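Each reported figure results from applying straightforward, stated rules to the coordinates on display, with no laboratory input. These figures come from a predicted structure and were not determined experimentally. Note that we place each Cβ from the backbone using ideal geometry, even for glycine, and neighbour counts take in every protein chain shown.
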Amino acid sequence: MEKTINEIRRLAKERDAVILAHYYVDGAVQDIADYVGDSFYLAKVAKKVQNRTIVFCGVTFMGESACILSPDKTVLVPDMGAVCPMALMVDEEEIKRVRGEYDDLAVVCYINSMAATKALVDVCVTSSNALDIVRKLPQKNIYFIPDQNLGSWIASQMPEKNFIFGKGYCPIHHVISPGDVEEYRAKYPGAPVLVHPECPLEVSRMADYVGSTSGIIERAAKGSEKEFIVCTESGVGHKMRALCPDKTFHFIEKKICDDMKKITLEKVLECLKTNEPRAHVPEDVRLKAQKSLDRMLELGAK
Ligand code: 13P
Ligand code: SF4
């Protein structure tokens, strides 16, 4: 493993490549990355870095977003088979239909979506900025795609707006149930429940804290409690254990995103050797998708 890591470092330098990783990829991959974070943070980093090449250790929509935000860079995704299933759960005809039904409508799209979808919407959001951004939109009617669970969580915090939801969901978070939370609470009484909003609304309603991967990590690090129940993908445990070696994290049945786990050190090395595979977004799609991502960066800026 050390040989692979040294080779990755050498080639990254040679190619002027920066390595970005999401908290759900394997811990060994997070450890070689220059930047590790949640989707919002990584989008901001992808836009600002000066390097010629970005190696995006995450699923393909993340690499596409980097292409959209930094069109002059080569964006490598170590495994193009790492596709977020929720990003494909979009019905483009339905977007047209809903737009036709309301005058005062914003189509809000979770960043977990493909570039072609982003090109059809008004603004993108991530789990860490969705509440803030949707609140700032002047429209009363919000068509939230594709994640019905994140959409429902936002809607539950904003009774003044009217929401229509897409039918998508994250297969990893969607199956976490209120029964799981009850079971873990009984096993670990007093441990706060930290929930990602991709979980069903009934689970989010039971939480002591609801937030993005980085929000969950921060809540665990700042909290005075010693034990936590965590309802998200188990990859975030890597950072949590590193930051809080004295705390214990109980993940609901070790939820694992197989697509994120397709990114391995060996594939990172291989893509740096071959300069392939590259994320690509056709220019006409990119220009339209850029508007919804730029709007997110603008509205989401603190
Ligand atoms: P965040 O890291 O933005 O919370 O996103 C979670 C996720 O599912 C990414 O695919
Ligand atoms: Fe997609 Fe869920 Fe995997 Fe995130 S955890 S990449 S939303 S399948």
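In the set E182, E92, which member is more than 14 Å from ligand 2 (Cβ to nearest atom), of a type in the set (D, E) and farther than 19 Å from E64 by Cβ?
That would be E182, the only listed residue that is more than 14 Å from ligand 2 (Cβ to nearest atom), of a type in the set (D, E) and farther than 19 Å from E64 by Cβ.
Which strands (runs of 3 or more DSSP E) sit wholly inside segment 190-302 and have at least 1 residues that are among the hydroxyl-bearing types (S, T, Y) and either more than 16 Å from ligand 2 (Cβ to nearest atom) or closer than 17 Å to V59 by Cα (or both)?
By residue number, 248-251.
Mind checking whether some residue in segment 5-17 is of a type outside the set (D, E) and within 21 Å of D294 (Cα to Cα)?
No, because not a single residue in segment 5-17 is of a type outside the set (D, E) and within 21 Å of D294 (Cα to Cα).
Give the residues of segment 178-200 that are in contact with a helix residue (DSSP H, G or I) (Cβ under 7 Å, 6 or more places away or on another chain) and more than 29 Å from A106 (Cα to Cα), sorted by residue number.
Across segment 178-200, the qualifying residues are P178, D180, V181, Y184, V193, L194.
For segment 49-80, enumerate the residues that are of a type outside the set (A, V, I, L, M, F, W, C) and in a helix (DSSP H, G or I).
Across segment 49-80, the qualifying residues are T60, G63, E64, S65.
I'm told L293 meets every condition in (1) touching a strand residue (DSSP E or B) at 6+ places or on another chain (Cβ under 7 Å); (2) in contact (Cβ under 8 Å) with a residue 60 or more places away in the chain; (3) loosely packed, with under 14 Cβ neighbours inside 10 Å except one. Can you identify the failing condition by its number?
The number of the failed condition is (3).
Which condition does I145 not pass, out of (1) surrounded by fewer than 17 Cβ atoms within 10 Å (Cβ to Cβ); (2) in contact with a strand residue (DSSP E or B) (Cβ under 8 Å, 6 or more places away or on another chain), if it passes all the others?
(1)
Working carefully through the options L76, L105, L88, L69, find the one that is over 30 Å from D16 (Cβ atoms) and crowded, with 17+ Cβ neighbours inside 10 Å.
L105
Which of the residues that make up segment 49-60 are surrounded by 22 or more Cβ atoms within 10 Å (Cβ to Cβ) and more than 16 Å from ligand 2 (Cβ to nearest atom)?
The answer is I54, V55.
Restricting the search to segment 1-48, which residues are more than 16 Å from ligand 2 (Cβ to nearest atom), in contact with a Gly (Cβ under 9 Å, 6 or more places away or on another chain) and either of a type in the set (D, E, K, R) or not in a helix (DSSP H, G or I) (or both)?
K44
Being buried (at least 17 other Cβ atoms within 10 Å of the Cβ) and basic (K, R) is the filter here; which residues of segment 253-287 pass it?
K255, K261, K262, K267, R286
Residues are listed down the side, and each one gets a yes or a no for (1) in contact (Cβ under 8 Å) with a residue 12 or more places away in the chain; (2) touching a His at 6+ places or on another chain (Cβ under 7 Å):
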site	(1), (2)
A221	yes, no
V230	yes, yes
K239	yes, no
A242	no, no
K247	yes, no
I252	yes, no
T264	yes, no
N275	yes, no
V281	yes, no
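What single numbered condition from (1) under 25 Å from G237 (Cα atoms); (2) within 13 Å of the chain's Cα centre (by Cα) fails to hold for C109?
Of the numbered conditions (1) under 25 Å from G237 (Cα atoms); (2) within 13 Å of the chain's Cα centre (by Cα), the odd one out for C109 is (1).
Within segment 177-191, is even one residue without any contact (Cβ under 8 Å) to a residue 60 or more places away in the chain, farther than 16 Å from P85 by Cβ and buried (at least 18 other Cβ atoms within 10 Å of the Cβ)? Reasoning before the result, please.
Pass one, segment 177-191, residues without any contact (Cβ under 8 Å) to a residue 60 or more places away in the chain: 177-179, 182-183, 185-186, 189-191.
When the remaining residues are screened for being farther than 16 Å from P85 by Cβ, the result is 177-179, 182-183, 185-186, 189-191.
Remaining after also requiring buried (at least 18 other Cβ atoms within 10 Å of the Cβ): 191.
Within segment 177-191, one or more residues are without any contact (Cβ under 8 Å) to a residue 60 or more places away in the chain, farther than 16 Å from P85 by Cβ and buried (at least 18 other Cβ atoms within 10 Å of the Cβ).
Among what's in segment 255-269 and is under 17 Å from L20 (Cβ atoms) and either among the small types (G, A, S) or more than 19 Å from the chain's Cα centre (by Cα) (or both), pick the residue that is farthest from ligand 1 (Cβ to nearest atom).
The extreme case among them is L269.
With respect to the numbered conditions (1) surrounded by fewer than 24 Cβ atoms within 10 Å (Cβ to Cβ); (2) under 23 Å from C271 (Cα atoms); (3) touching a residue at least 40 places away in the same chain (Cβ under 8 Å), which one is the sole condition not fulfilled by I95?
So I95 meets the others, but not (2).
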